[in-house]
Structure formats: structure tokens, C-alpha cells
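Each remark here refers to the structure printed beneath this line.
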Amino acid sequence: MIDPQQLQDAKQALGRKLRELRKAHGLVQKEVAQLVYSTRSTVANVEAGRQMVDRVFWQQCDTVLKADNGLLDAYDAYRRLQGQYQKERSETALRARWGAAADGALEPRTSSDLQSVHPRSNPAEPVGGDLASMIASTLGETDRDSRADHTIPAPGGHHFPGASVEVEVYPATDDGRIVAMIPRTDTDRRWRRPLQRRIVAGRVTTSTGDGLFGLDSRQASQRLVDIDDEVRLLIPRAYQLDTITAAVLWAVANLDQSLLLDDARLDASRTAAAEYSGLVRSAVSGDIGQDLEIVSRMWLGSAFCADHISRQWDGLTEVPTFWTREQTGEEASTWLLFGHKLRYLEATATRFATGSQRATRMFCVPRSAVEASTQSQRVLLLLAVALMESFGIDVAITNESEYSVLPGLVLTSQRAIVATWIRADGVWHVDVTCQRSALAEYRDAAGYVRAHSVVAADTAGSRLRALADYLGLDWPRLRGRCAELGACGLAGIAEPRSRLLSLDGVDRACRFVGALP
């Protein structure tokens, strides 16, 4: 097991190496900062082991200090150590919170591991995902003819802290409609203003197996109808608990919880972050957002980076290439659910996707990241790509892991706007560079990905189908379910509580996929 002191020792060793090389060349911190397009305080903090910046900084230092990649290699070794530490910490926290129920969520899964919402369901039917699997395992032991009430863990991940969802299950009939029969004693105000996220579900049992259809309890409380001695609840068939609904519910539950817990602190951190908005380059690690949950730090970094890009793109005279760092559905869900991300995509489309040349957004999604992802995460990643395609932005994806170290970028032939917040050492790192060596590296990477994209095709539909194949997803079924959910919207089953979240992005992505020929 890696402990925090090992990480700190590695960070300080890297800082000492930088200081020794700087002094050997007779330079002061301000001079190095100017040569690598940074600030004196950043160089001072890095040398003291108080701050870690991204790979571009170390690459530039290697060039300026003629270190023959010594600094870059040491930085890469630190990042590998940090990645292993974060993985171990996430797994330990998940087991501590959910016990044995979390063990399955820590293992890589394949489509054969995730068969259905209920063990008796059709084995050929595609699956649920983390949350759906846990619902299945919990409810599989309960009586199908009576009410069941359970608290189901929505497991955490590398960024998500883990949450839980209360699920109330009632017998339901399927006469072309899904109708759940609810005892009158269960229809009280606890559905209307619950502190805990709750799903009210109807279970339909047929000769081929069980189906589970759910509504957010606040939505359910508005749809109840009195009939004789019972209260009945009509549940749209689109809200079957399967791969897509479980994936969105899982992401919303995890994001919601952190953002609500941090609401006041996050507002204060946003105010503090505004002081950096006038700077062309900044890297923030511990001075802002240090008391926030990981999800809230992600939101803060994402919002700052989007604003930074928007402030800088007035000087762009050509359609740029965007490079993004999301590799998993957990990371990509922020595009679908953070309200400011959708506004940023809309602004991007308005500015760059209206001419004859289309903007391109590039991802690095190595095979190892796919194999370590559950189906829920794979679905979220595909929907995030679909959202971008829906705005006329062409997506290219490389499976070469070497490109995962590149920062978030907006790249043209003359300059690069750097904006990194995913898998960064701090809350964000932003910059604008015209350095020839950096631009050459970025252009080479973009050219390679464009020429060797694993989803290369002429149309959005073909690219998304190729992505589904790469992720091991059933494209025809996924497209059909997206059409159903796009028509209904996902608020009925995964209504956010935080003002910072929105389902508009995931609804748009579902409509786009569902409308593809």
C-alpha cells in the first residue's frame, strides 16, 4: 500500500531536482518562469514541494534546463505512483462504506457479467450496470407479490464518493401499461420531500422473467390516482431499470450528494476563484477548494476551465481542435450533467461549428480504461460523445495510452489554450502558449489521432456505432432505448436536487442517438 508520505517525498524530490538544475544554469526562479511560460510563485511552490503542475511544465523545463528528459521521466514516475495511490484509496473507501456489496464494483466487468435486472430475466437481454446489479442482487431474494423496501448502494469510483438510493418495490401489472398497486398507507408525504433519494418501482413478473420500472419518488407523488381501496401508479415503460437508466441514476446520485453537501463552501470557492480570471495562466492546488469533496473540486475546475477558454478564444482566427482528457463514463458524465458544460458546448457550436469546416474534439480512451469500466460507465461515455456530435462537433478517439498525458487543449496552428482539470494535480491548470515545441507536439498528436481514430467514419451515426462496438455495447438496443428515453426525458427517474446539475444534456444526447437512422 502506498501512503501519503511517499507521494509527498516524491513531489519534494522532483522539486529539489528542478532547483538543483536551475541553480546549475545560474538562473533565478523568475527567469525560469518566463522561459517556461509560468509564474515565479509557481516555480517556487514546485521547488518547495507545495504544488505539482502538469506535464507540459516539466517538458518545457527539460528543454530550457537541458535535462535530457530527466525531469519529465521523474514527473511520469510520480504520476504513476499517484495513480496507484488514488486507486488504492478509492477501493479502501468503497469497501469501508459498503462492505461486501462493493466487491463486485471494484472488479472489471464484461457484458456477460451483467445479464439483467433480475436473475430470472432473459439471458440475451442486455444489462443494468453497477446500480442495477446491486438492485438485482438485493431484490432477488424478496417476495414478488409483496412490497419490498431496500437501501441500495450507488458505488463510488475514482472520483465519485459513493451514495445510496432507497428503492420501494410494489407488484405491478403490464396490460400495455405498467401499473403499480400502492397500499394507501404508503402514499404519505415522505415521497414528496425526501432527504434521501428514493425510487418507487413496479415489478412485473412474466413467464420470461421480471422487469422493474421506476419513478423518482417526487415524480411518483404527483402521479398517484385513487381507485377503490388502492392507489395506483402509472409508470412510463421507458423508465425500465436497465443499463441506461441505472447509469444516469448512478451518476446523478453521486454528483448530487457532493454538490449539495458543499453548496455554501463551493459558492465561497467560486468567489475566490474569480480572482484568477484575469490571469492568462494559473495553476491552483491547495489554496482554493481544499475543503471541498472531489466532485465539487471537479465542478469548480471544470467551470473555471470553460470560462478560461471562452475568455481566450476571441483571438482565434481558425476552427480549432479540442483535446479532452475524459477516459471513463464517470469523468464523461460531467458533460451530460454539469449545467455549465452544456452551455459551453452550445457556445462552442455557435462560434465554431457553423461554417464549412467542423470543429473536432479528441479523446484518448485506452483499451485498459474500457476493460476496467462497467457497462454503466461505457454507456455514459458514449452518450457524452453523442452530445458533442449533436452540436456538429466531430469526435475522434485514440486507444494509444501515450496520449493520455496531454493536457486539455484548444489548438490552432498559432497557439494553444491549455485548460486541464480532469486528472490534474490541482483544481485546475490553465495557460495560453505559442511555444513552438509544445505546438509541434500537440499538432503531431492531433494529426495521429485524426488519421488513426478507432471511430473513424464520415457520419455521426457511423462514428457512434463504431464507438459502441469499441465499448462492447449493443448498438441497436441502445439506440432504441435512447429513443424511448429521449421522448420522455430522464427527470422522471433521476431528477437532480442540486441547482448545478441539469438533465438537458443527457436528454439531448438520448434524442440524438434515438433519431439516428
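Sort by residue number and name the cysteines in the chain that have no neighbouring cysteine Cβ under 4.7 Å.
Cys61, Cys305, Cys364, Cys434, Cys488
Please report the spacing between the Cα centers of region 291-333 and region 373-450 in Å, no decimals.
If you average the Cα positions of each part, the centres end up 10 Å apart.
Could you check the spin-label model distance between Cys488 and Gln290? Points 7 Å from the Cα along Cα→Cβ, value in nm.
4.7 nm
Ranked highest first by average number of other Cβ atoms within 10 Å, how do 441-453, 475-487, 494-506 line up?
494-506, 475-487, 441-453
Neighbour counts of other C-beta atoms within 10 Å: give me Leu81, Leu266 arranged from fewest to most.
Leu81, Leu266
Sorted by average packing, counted as other Cβ atoms within 10 angstrom per residue and highest first, what order do 330-340, 172-182 take?
330-340, 172-182
Of Val56, Asn45, Gln6, which is farthest on the positive side of the dipole of region 1-65, counting Cα position, with +1 on Lys and Arg Cβ, -1 on Asp and Glu Cβ, and the Cα centre as origin?
Highest projection toward the positive end goes to Asn45.
For region 420-474, build the convex hull from the C-alpha positions and give me its volume per residue in Å³.
Normalising the Cα hull of region 420-474 by residue number yields 138 Å³.
Would you mind telling me the antiparallel percentage of the DSSP bridges in region 330-422, rounded to 5?
Antiparallel bridges make up about 40 percent of those DSSP assigns within region 330-422.
Taking the alpha carbon gyration tensor of the chain, what are the square roots of 5 times its eigenvalues, largest first, to the nearest whole Å?
That gives 44, 24, 20 Å for the three semi-axes.
Once you have a ≥ b ≥ c as the square roots of the Cα gyration tensor eigenvalues for region 229-370, tell me rounded if a/c is under 1.5, and otherwise prolate or oblate according to whether a/b is larger than b/c.
Note, shape of region 229-370 comes out oblate.
Amide H neighbours of Ile178 under 5 Å, at least 5 residues apart or on other chains, H built in the peptide plane: list them.
Amide H neighbours of Ile178: Ile235, Arg237.
Just to check I understand the Karplus step: with θ = phi - 60° and J = 6.51 cos²θ - 1.76 cosθ + 1.60, what whole-Hz values come out for region 457-463, glycine and proline as x?
With the stated coefficients, region 457-463 comes to 6, 8, 10, 4, x, 5, 5 Hz.
Quick check: pseudo-label points 7 Å beyond the Cα along Cα→Cβ at Gln84 and Leu35, how many nm apart are they?
3.3 nm
Given only helices, namely DSSP H runs of n ≥ 4 each adding -39500 (n - 2.57), what is the per-residue ellipticity at 222 nm of the chain, to the nearest 500 deg cm²/dmol?
-15000 deg cm²/dmol
Could you compute Rg(Cα) / (2.2 N^0.38 Å) for region 278-472, with N its residue count?
With N residues counted in region 278-472, Rg over 2.2 N^0.38 Å equals 0.97.
Please give, to one decimal in nm, the separation of the simple spin-label points placed at Gln357 and Gln5, each 7 Å out from Cα toward the Cβ.
Label-label distance for Gln357 and Gln5, simple model: 5.5 nm.
Once phi is turned into θ = phi - 60°, what whole-Hz ³J(HN,Hα) does the Karplus curve with 6.51, -1.76 and 1.60 give for every residue of region 254-263, x standing for Gly and Pro?
Values per residue, Gly and Pro as x: 6, 5, 4, 4, 5, 5, 5, 5, 9, 3 Hz.
Amide H of Gly392 versus every other amide H placed in the peptide plane: which residues, excluding those fewer than 5 positions away on the same chain, fall under 5 Å?
Placed amide hydrogens put nothing under 5 Å from Gly392.
Could you give the length gained by full extension between Trp313 and Arg499, i.e. 0.36 nm per residue of separation minus their alpha carbon distance, to one decimal place?
Length gained between Trp313 and Arg499: 64.2 nm.
How much length is gained if the chain between Leu234 and Gln12 is pulled fully straight, taking 0.36 nm per residue apart and subtracting their Cα-Cα distance, in nm to one decimal?
Roughly 73.8 nm would be gained on extension.
Taking a ≥ b ≥ c as the square roots of the eigenvalues of the Cα gyration tensor of region 4-99, is the shape rounded (a/c under 1.5), prolate (a/b larger than b/c) or oblate?
prolate
Can you compute 3J(HN,Hα) from phi for each residue in region 333-345, using the Karplus curve 6.51 cos²θ - 1.76 cosθ + 1.60 with θ = phi - 60°, rounded to whole Hz and x for Gly and Pro?
Working through the residues one at a time gives 4, 5, 5, 7, 10, 6, x, 5, 5, 5, 4, 5, 5 Hz.
List the residues whose amide H sits under 5 Å from the amide H of Ala154, counting only those 5 or more places along or on another chain, with H placed 1.01 Å from N in the peptide plane.
Ala163, Ser164, Val165
Bear in mind these aren't lab numbers, they're just calculated from the coordinates by the rules spelled out. Because the structure is predicted, anything quoted here is derived from the model rather than measured. Using ideal geometry, Cβ is built from the backbone for each residue, glycine included, and neighbour counts are taken over all protein chains shown.
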